[in-house]
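As structure tokens, the structure follows; a few thoughts come after it.
Read the figures in this text as sums done on the coordinates, not as results from a lab. All values derive from a computational prediction rather than experimental measurement. For neighbour counting, all protein chains shown are included, and Cβ atoms are generated from backbone atoms with ideal geometry for every residue, glycine included.
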Amino acid sequence: MVVVGKAEVCAIDGCGAEAVRSLSVQRLSGTSMKVRPGSKKATLCREHYKRFKKETRGDRRLEQDRYRSPGASR
Ligand SMILES: [Zn+2]
């Protein structure tokens with residue numbers, strides 16, 4: 001039986017930590033992070049998500065109003 005609901009791991013090349021966020025791969029194109037080839041979604045672990053936020057800070061076009069309140073789940 002195929003288990004689909006397994007915990008996802010970070011899709012960044014060389015990282016295998018548990019993912020806490022998942023973005024579209026294109027979102028990472030402006031950062032220094034690379035997803036493993038073949039990944040459809042960029043699942044990010046805590047550390048890489050932090051880095052993603054850092055590297056995309058100031059680039060409002062990508063984020064728009066998606067995370068106005070840090071820490072809010074929605
Ligand atoms: Zn990671």
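What translational D, rounded to a whole number of µm²/s, comes out for region 19-58 from Stokes-Einstein when the hydrodynamic radius is the Kirkwood one over Cα pairs, at 37 °C and 0.692 mPa s?
326
With contacts defined as alpha carbon pairs under 8 Å and 6 or more residues apart, what's the relative contact order of region 19-58 in percent? Don't skip to the answer; put the middle values down first.
Working: 41 pairs, mean separation 20.7, N = 40.
Relative contact order comes out at 52 percent.
Hey, can you grab everything whose amide H is under 5 Å from the amide H of ALA17? Only 5+ residues off in sequence or another chain; H modelled, so Pro and N-termini drop out.
So ALA17 has HN proximity to CYS10.
Can you list the residues, at least 5 places off or on another chain, whose amide H is less than 5 Å from the amide H of THR43, using H built in the peptide plane?
Hits under the 5 Å cutoff: ALA11, LEU23.
Label points 7 Å out from Cα along the Cβ direction at SER22 and LYS34: separation in nm?
Label-label distance for SER22 and LYS34, simple model: 2.4 nm.
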